[in-house]
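Report on the following structure.
The values are calculated or read from the model by the stated rules, or taken from the named source; none is laboratory data. Remember, predicted model here, so these are calculated numbers, not experimental data. Neighbour counts run over all protein chains shown; Cβ positions are idealised from the backbone, glycine included.
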Amino acid sequence: MAGEATVASEARPSFLARNSFLLRRLHSLSGLVPVGAYMVVHLLTNASVLNGVASFQKNVDMIHSLGRALPVVEWVFIFIPLIFHAGYGFVRIYDSQANAAEYPYPKNIRYTLQRISGMVAFVYILFHVAQLHHLGFGQFDAEHATSSAARAIGSGFWMQAWYVVGVLACVYHLANGIWTSGITWGIWTSPAAQRRADYVCWGFGFLVAVIGMSALFGFGTVDVEKARAQEDRMQKARIEQAGEIEEAEAPAAEATKAP
Ligand code: HEM
């Protein structure tokens with residue numbers, strides 16, 4: 001009897017194996033929304049640097065106008081889903097059966113590249129957050145958005161090359177991931193539908209890659225000193241405007257207090 005009980009407990013599948021249906025779908029969903037959607041918006045915001053210092057600064061100000069809610073939004077919609085996606089991603093990489101070396105068909109190569117790009121994205125995102133976010137070295141200064149980002153990202157050939165590799169790995173991973181998610185959710189099942197989805201995903205990937213590279217080009221060509229001077233002027237104008245509003249509101253407040 002004791003022997004049977006041991007065999008039964010040994011045969012019980014692990015938590016991950018028992019819940020793999022749900023976990024795979026949550027993994028897929030988290031990669032699409034919010035992580036993938038956020039990534040596209042983030043690259044678009046960064047590419048607005050091509051419109052000039054004021055344009056990028058206004059976008060950053062809008063995001064930071066969330067104030068104390070910003071860390072909550074960041075953790076709920078970005079960090080926690082990303083940590084889950086990457087964590088379960090590593091489980092799937094550990095379990096994967098890559099066969100691109102023996103059978104170098106495009107789909108097998110893409111299967112392997114999806115895993116490699118996930119690992120590159122992991123290292124790159126860790127580095128990027130540690131470099132710019134206040135959780136790490138905090139080189140990004142929201143009041144001097146363009147100049148601080150340009151100084152950090154544009155600091156030499158190797159840093160720029162690393163950003164190109166990291167952004168392209170994330171873009172490939174998302175574009176190919178959208179294709180594989182169509183299989184996960186049973187959206188494109190026939191070979192013809194999968195071919196059509198191929199065109200759409202490659203087109204999407206190309207577009208997002210252009211947006212990402214434009215952002216890097218934009219930061220790489222900023223004149224940091226000039227940008228900083230312009231940000232200082234914008235900052236001064238904001239403070240003066242806030243002062244004028246306070247002065248204008250003060251008599252009104254006093255008038256309401258009067259008996
Ligand atoms: C920029 C951040 C990321 C985005 C936007 C993203 C997006 C996606 C998407 C949309 C999928 C497709 C899900 C499906 O096939 O149903 C996917 C799959 C996957 N991701 Fe990510 N991901 C990101 C980061 C990571 C990281 C850091 C890892 C960890 C190494 C990772 C590992 C994986 C793995 C292993 C798959 C499974 C691919 C397959 O089933 O063929 N991902 N990702």
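Residues of segment 46-80 being hydroxyl-bearing (Ser, Thr, Tyr) and out of contact with any Phe, Trp or Tyr (no Cβ under 8 Å at 6 or more places or on another chain), which ones? Please lay out each step first, then the result.
As a first pass, look at segment 46-80 and keep what is hydroxyl-bearing (Ser, Thr, Tyr): 48, 55, 65.
Those that are hydroxyl-bearing (Ser, Thr, Tyr) and out of contact with any Phe, Trp or Tyr (no Cβ under 8 Å at 6 or more places or on another chain): SER55, SER65.
Determine, yes or no, whether VAL40 is part of a helix (DSSP H, G or I) and within 20 Å of the chain's Cα centre (by Cα).
On the way: part of a helix (DSSP H, G or I): yes; within 20 Å of the chain's Cα centre (by Cα): yes.
Judged against the criteria, VAL40 is a match.
Taking interchain pairs and intrachain pairs at least six residues apart, which have beta carbon atoms under 6 angstrom, with the first residue in segment 179-192 and more than 16 Å from LEU26 (Cα to Cα) and the second surrounded by 10 or more Cβ atoms within 10 Å (Cβ to Cβ) and among the aromatic types (Phe, Trp, Tyr)?
Matching pairs, first to second residue: none at all.
Select from segment 13-41 the residues that are surrounded by fewer than 16 Cβ atoms within 10 Å (Cβ to Cβ) and without any contact (Cβ under 8 Å) to a residue 40 or more places away in the chain and list them in ascending order.
Step one: filter segment 13-41 for residues surrounded by fewer than 16 Cβ atoms within 10 Å (Cβ to Cβ), giving 13-19, 21-22, 24-26, 33, 37-38, 41.
Listed by number, the residues that qualify are PRO13, SER14, PHE15, ALA17, ARG18, ASN19, PHE21, LEU22, VAL33, ALA37, VAL41.
I want to confirm something. Restricting to segment 124-149 and keeping residues that are in a helix (DSSP H, G or I) and of a type in the set (S, T, N, Q), which single residue is nearest to ALA169 (Cα to Cα)? Lay out the reasoning, then the answer.
Within segment 124-149, the first condition is being in a helix (DSSP H, G or I), and the residues that meet it are 124-132, 142-149.
Among the residues that remain, those that are also of a type in the set (S, T, N, Q) are: 131, 146-148.
Values: GLN131: 18, THR146: 24, SER147: 25, SER148: 24 Å.
This residue is GLN131.
Residues to consider are ALA54, ALA101; find the one that is touching a residue at least 24 places away in the same chain (Cβ under 8 Å) and either touching a helix residue (DSSP H, G or I) at 6+ places or on another chain (Cβ under 9 Å) or among the β-branched types (Val, Ile, Thr) (or both). Break it down stepwise before answering.
Numbers: ALA101 fails: touching a residue at least 24 places away in the same chain (Cβ under 8 Å).
None of the others qualify; the one that does is ALA54.
Six or more apart or on different chains, Cβ under 8 Å: which pairs go from a residue in segment 66-79 that's at negative phi to one that's of a type in the set (Ser, Thr, Tyr)? Could you list them?
Sorted first by the residue in segment 66-79, then by its partner, the pairs are PHE77/TYR38; ILE78/TYR38.
Listed here are the residues, each with its yes/no results for (1) among the aromatic types (Phe, Trp, Tyr); (2) within 25 Å of GLY31 (Cα to Cα).
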position	(1), (2)
SER65	no, no
LEU82	no, yes
ALA86	no, yes
PHE90	yes, yes
GLN97	no, yes
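Let me spell it out: the conditions are (1) surrounded by fewer than 18 Cβ atoms within 10 Å (Cβ to Cβ); (2) in a loop (DSSP other than H, G, I, E, B), and VAL222 meets all of them except one. Which number is the exception?
Of the numbered conditions (1) surrounded by fewer than 18 Cβ atoms within 10 Å (Cβ to Cβ); (2) in a loop (DSSP other than H, G, I, E, B), the odd one out for VAL222 is (1).
Pick out the one residue from ILE109, ILE125, ILE183 that is within 9 Å of the ligand (Cβ to nearest atom), surrounded by 13 or more Cβ atoms within 10 Å (Cβ to Cβ) and more than 22 Å from LEU43 (Cβ to Cβ). Before you say what the answer is, go through the steps one by one.
Numbers: ILE109 fails: within 9 Å of the ligand (Cβ to nearest atom); ILE125 fails: more than 22 Å from LEU43 (Cβ to Cβ).
The match here is ILE183.
Read through the list (1) crowded, with 16+ Cβ neighbours inside 10 Å; (2) assigned to a helix (DSSP H, G or I), then give the number of the only condition that TRP202 fails.
(1)
Take the residues in segment 128-159 that are among the polar types (S, T, N, Q) and modelled with pLDDT of 95 or more; name whichever of them is farthest from the ligand (Cβ to nearest atom).
First pass over segment 128-159, keeping only residues among the polar types (S, T, N, Q): 131, 139, 146-148, 155.
Checking the rest, the ones that are also modelled with pLDDT of 95 or more come to 131, 139, 146-148.
On the way: GLN131: 16, GLN139: 20, THR146: 23, SER147: 26, SER148: 22 Å.
Only one residue tops the list, namely SER147.
If the requirement is being more than 10 Å from the ligand (Cβ to nearest atom), assigned to a helix (DSSP H, G or I) and of a type outside the set (Gly, Ala, Ser), which of these qualifies: LEU70, LEU174, LEU82? Quick ask: steps written out before the conclusion?
Details: LEU174 fails: more than 10 Å from the ligand (Cβ to nearest atom); LEU82 fails: more than 10 Å from the ligand (Cβ to nearest atom).
Result of the check over LEU70, LEU174, LEU82: LEU70.
Is it true that ALA197 is under 25 Å from GLY89 (Cβ atoms), surrounded by 12 or more Cβ atoms within 10 Å (Cβ to Cβ) and out of contact with any Lys or Arg (no Cβ under 6 Å at 6 or more places or on another chain)?
Details: under 25 Å from GLY89 (Cβ atoms): yes; surrounded by 12 or more Cβ atoms within 10 Å (Cβ to Cβ): yes; out of contact with any Lys or Arg (no Cβ under 6 Å at 6 or more places or on another chain): yes.
Considered against the rule, which asks whether it is under 25 Å from GLY89 (Cβ atoms), surrounded by 12 or more Cβ atoms within 10 Å (Cβ to Cβ) and out of contact with any Lys or Arg (no Cβ under 6 Å at 6 or more places or on another chain), ALA197 comes out as yes.
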